[in-house]
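Just below is one structure, and these are the notes that go with it.
Derivation of every value follows stated rules applied to the coordinates shown; laboratory data play no part. Predicted, not measured: the structure shown is a model, and the values here were computed from it. Note that we place each Cβ from the backbone using ideal geometry, even for glycine, and neighbour counts take in every protein chain shown.
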């Protein structure tokens, strides 16, 4: 986890810049660009959604407390199997997925 701390701190700072309009814009994609879809899938694993589909990611983002939930998320509480699933889906170029 120590090696991931700089990336985690950078992600937390980025969340401070995120607002409801940004989330609404992302949710509006019926079929998102591949990088956005990959982040949505990772989000599903991080937030322990029932599946990792874009539909599920959009559902998570629809929650009024979504941004606050991300800001207060305990990264150490993410199950290792979910971290492994995220790592397993990262292929090719390093997009904007977090390093956990």
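For the stretch 1-15, name all the residues that are surrounded by 10 or more Cβ atoms within 10 Å (Cβ to Cβ) and within 22 Å of residue 65 (Cα to Cα). Working first, answer last.
As a first pass, look at the stretch 1-15 and keep what is surrounded by 10 or more Cβ atoms within 10 Å (Cβ to Cβ): 4-12, 14-15.
Within the stretch 1-15, 8, 9, 10, 11, 12, 14, 15 qualify.
Among all residue pairs at least 6 apart or on different chains, which show Cβ distances below 9 Å where the first residue, located in the stretch 69-84, is free of Cβ contacts under 8 Å to residues at least 40 places away in the same chain and the second is surrounded by fewer than 16 Cβ atoms within 10 Å (Cβ to Cβ)?
69/63; 78/48; 79/48; 82/48
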